1. Can you tell me which of B:651-661, B:245-255, B:291-301 comes out highest on packing, and rank the rest after it, using the mean Cβ neighbours within 10 Å?
2. May I ask for the net charge around A:Thr72, where only other residues with Cβ less than 12 Å from the Cβ of A:Thr72 are counted and Lys, Arg are +1 while Asp, Glu are -1?
3. What number comes out for the charge environment of A:Ile146, summing +1 per Lys or Arg and -1 per Asp or Glu over other residues with Cβ under 10 Å away?
4. Please list B:Asp543, B:Asp72, A:Asp156 from largest to smallest accessible area, probe radius 1.4 Å, with all protein chains kept in place.
5. Going down the table (A:Lys254/B:Lys41; B:Lys267/B:Lys302; A:Lys19/A:Lys235), which pairs top 23 Å between alpha carbons?
6. Compute the Cα gyration tensor for region B:23-125, then decide on rounded, prolate or oblate, letting a ≥ b ≥ c be the square roots of its eigenvalues: rounded whenever a/c is under 1.5, prolate when a/b is larger than b/c in the other cases, and oblate in all that remain.
7. What average count of beta carbons from other chains do you get within 10 Å of the Cβ of residues in A:266-274?
8. For chains B and A, what's the summed buried accessible area, probe 1.4 Å, to the nearest 100 square angstrom?
Amino acid sequence: MNEYTNYPFSAIVGQEEMKLALILNVINPGLSGVLIRGEKGTGKSTAVRSLANILPEIEVIEGSCFNLDPATELETHWQIMEAMGHAKPGTGERKIGVTRRKVEVVELPVGATEDRVAGTLDIEHALKTGEKRIEPGILAKAHRNILYVDEVNLLDDHVVDIMLDAAAMGVHTIEREGISFTHPSRFTLVGTMNPEEGDLRPQLLDRFGLCVVVKGTTSIEERVEIMKRRLSFEKKPEAFIEAWRGEDEALVDKIEHARNIYPEVIASEDCLKTIASICLEAGVDGHRADIIMLKAAKTLAAWYGENEVKEGHILKAAEFVLPHRTRRLPMMEMEESIEKIIHRSLQG
Amino acid sequence: MIAPSSPLPFTAIVGQKEMKLALLLCVISPGIGGLLVRGEKGTGKSTTIRALRGLLPLQSVVKGCVFGCDPDSPSSWCDKCRQRAKEGSLQRGSRVMPFVELPLNATQDRVLGGIDISKSLKFGRPMFQPGLLARANRGILYIDEINLLERHLLNGLLDAASSGLNKVEREGISIVHPSSFSIIGSMNPEEGELDPQILDRFGLCVEVKGEEDLEKRTEILRLFDLLDQGTGLLPNGDIKNKEEEELKLKLEEATSRLKEVEITDDKRRFIGELSISRGCLSLRADLTLERASKALSALRGKREVSTDEILEVAPLVYQHRAKAHPNTQENGKSHPNGDKPHNNNGEREDRNAPRDRPQGPSHLPQKEHKGSDGHAFREGMDEEGSAHDGAKAPEEKVFDVGNPFNVKTITGSNDRAKRYGHGKRTPTFVFGGRGRKIGPTCSRGSYIDISFDATLRAAAPRQRYRSKGKPSHGLLIHIEPQDLRFKQRKGTSSNLLVFVVDASGSMGARSRMVASKGAIMSLLLDAYKKRDKVAMISFRGSDAKTVLPPTSSVELAGRHLKGLPTGGKTPLSKALLRAHTLVTSALLKDPLLRPIILLITDGRANQTLSTTLGPVEELEVVAEAVSRDPRTKFIVVDTEDALSLRLGIPRLLAKRLGAAYFKIEDLKADHLISVLDLK
């Protein structure tokens, strides 16, 4: 994906919820991603692709096809190099180069096959040299990046299972076609879907940290503004991007700031209790909702430049965390609004 | 090596006592036969299981043996170790008990073992590359989402687990090696169940669920808040680490003490009686219970098993087995998850009796219904409340959806036709790049889908004499046509379930509609698990309408179902024709689709298409006509209730259609015994 042809993130009109959910995930990759549900033509894909403009830079080990972190994954790097036959075990001086590059949006196409996603035997190498070598798949490329799955509900079942496995563990293990290989694969999962075309399995829903529902705007002014901006972008993309550069950069700075203060954000005992009681009241399965809600509330606090979680942060976080998790028969609509649940739990 | 690890040490995990105990028992005594952990998503199943890595004891092994043979147990040695012993070159070493994880993407050659391409090239003969089963020997094999694993892989695994041997007969290799391991599986029953015969092969089983106590939940959050801060500190800091060390030591002791633990015949008899009283006739249960209680005694430092230990582990053993017993079915309604493990003998009966219901989403705790204002499912057929809830007009009512249940398995017959679909209900061989690759084959389909790895494996051993005197094209390997292997994929052709729902006035009586909607909802949920397509036609008054064209969104179908009004006459024959038209056009689009028409009606047809025939005669004519296409299967669900006069039209209709006939009550599955195969 070429960053110069992406629509500027800050030029997106409205859709504040979706933008906020995406930003939160950029600040804190620990939020395990966001699922964007909405009809076609509501700007879901545009927003995700334009994320590329506001992503922060990270340090990576030079020449590593796994985007490994020089600070924490040095050992892993050498293990992988050995496993791939690029380095000899435990000999000589080991030096690495470090480069900086932006976090990327890696796309997983709907038609992707199992072997491309998981990684497989490098056929060319095997034919030429008679040696087995792994050809890393999309899950390798996605490490420390954003993995974007458009129409995630249409993905093949077993591809979804493989992806989920990696998303849950942060590590991907390949045991196929004569290859046995493990590499880190921690990514922020961003999925978009149109619920009309079939829903996701609850298991997959639960793996997305946050969920937002987008609707086309009904305000005439907004619609006109969207058209105007889109047309001027299509006419002269460079000029348009240049015009919005300032805003995008301001956003990047704000994100950077939030990233820096996040470790200092404190959640009081009362906050934890509030979160737990909201989740109990909502009747969620398991504990993932609690944990994500806590992280989301902390991230929100950081985004607003505060160093303590307040009730408002929790309530906002609940709106992102609960919609796709409330316990129900997998296919039934959610009958109660999130507000009601929150209200009840705060009273109780 | 890099491995998926748990963010928490084992001892820091809050609650989940039963699962933790079961895991420890598996480490102490591999003979127990493994453990299955069932539970909702996000309850810490895999976190806890992976945390076991930190506790694994050391074991002594034969130095240099790929299978990690036990130097003290010559009967379990691999061929190489036997040879080593003969030559006197057997040396002792030690290693941490292996914990091997089997990812869902695993292919057969990696699990069971297969040809090693590089080595075979070098030596010019088939060389064996050990798979995961070799690595897991004398250790633990963990499979997350075990219910999603390919059946043929699972069977191979369980065979090895029970025999302690892995036999590889493929690709020109014939080898047997020791492979005795504890298999630990975790699964979310929402995603589909394991077959009962597979369930029985797991020694122990635990159900886990999230904490419902506010304090405990907060405690868990606090733990994760600390983790999130990344200081590496846990609550009570080093104390936890000390606990972890202590537990590790205890485990090591227990493992070495296990052989000395004894059990008297009296206690054995007690076990036998326990099994019989549970209605559990599988002898595996007795054996497992004996071994598990021995392991628990070893953990507690005892030399002899007492009733306490037996009773404590009994729930883990009977959890998944007692289900099959017919006598326990009456208690089907109570929820098995609620109670905690305890040692009290008296209460035990109650605890195990109700476990006959499968853990589908259909019996969520009753509690959740209370808060939703009149929308959620009523308990059973609560007539008064439901019949008046959504009333719009006198003769048009919207009924609630009755309580859903698990339905019997409805499958099409398995055939060998090649399809391109990807549902889950009816297994079929798939060519054309979709479906999960299940293995290589020599026969090619019309679609070229070369399995390179298998081709290379086939070609590798022959390279030595092939490479002479032939141009190489820059490649090291010469591949000849006879080496080519193609991918054989197994998918499941998708079914199209057409629900033809009677919404006429007669269905409103005696809350038939509530029960029917409940039944349809159950079938829809089942359709979701099997990834079927669904469509819905409703008929009342003078018309039959396609409420929902074929879609894979079961949610949409559920919504339509909920809002389906009732009232008016019964144009049954028209509905049949409409369903037929819908199926025919769907078949034109996708000739390999397998349509199943589900007719849900009380059969009181009173609206005809023409004026020449009576409603019932006309129905018979139409039924005969639409049933001529052999691709479509029919199922008639009779909603006539026993209390009113039965006219028996649905049964007649089923006969004319060649359909399977059910009463609503019959649909409820006991999920173990009732497999309906529509052949």
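1. Order by mean packing, descending: B:291-301, B:651-661, B:245-255.
2. Details: positive: A:Arg144, A:Arg186; negative: A:Glu59, A:Asp69, A:Glu73, A:Glu75.
Local net charge: -2.
3. The answer is -1.
4. Numbers: B:Asp543 65, B:Asp72 100, A:Asp156 20 Å².
Correct descending sequence by accessible area is B:Asp72, B:Asp543, A:Asp156.
5. Details: A:Lys254/B:Lys41 35 Å; B:Lys267/B:Lys302 15 Å; A:Lys19/A:Lys235 25 Å.
From the list (A:Lys254/B:Lys41; B:Lys267/B:Lys302; A:Lys19/A:Lys235), the Cα-Cα distance tops 23 Å for A:Lys254/B:Lys41; A:Lys19/A:Lys235.
6. Details: a/c = 2.75, a/b = 1.41, b/c = 1.95.
Here region B:23-125 falls in the oblate category.
7. On the way: counts 2, 5, 0, 4, 1, 3, 8, 6, 1.
Mean shielding count: 3.
8. Details: alone 32220 and 17750 Å², together 42800 Å².
By this definition, chains B and A bury close to 7200 Å².
The values are calculated or read from the model by the stated rules, or taken from the named source; none is laboratory data. Treat the numbers as computed from the prediction; the structure is a model and nothing was measured. Positions of Cβ are backbone-derived with ideal geometry, glycine not excepted, and every protein chain shown enters the neighbour counts. With ligands, DNA and RNA removed, areas are computed over all heavy atoms of the protein, side chains included. Shrake-Rupley method; radii C 1.70, N 1.55, O 1.52, S 1.80 Å.
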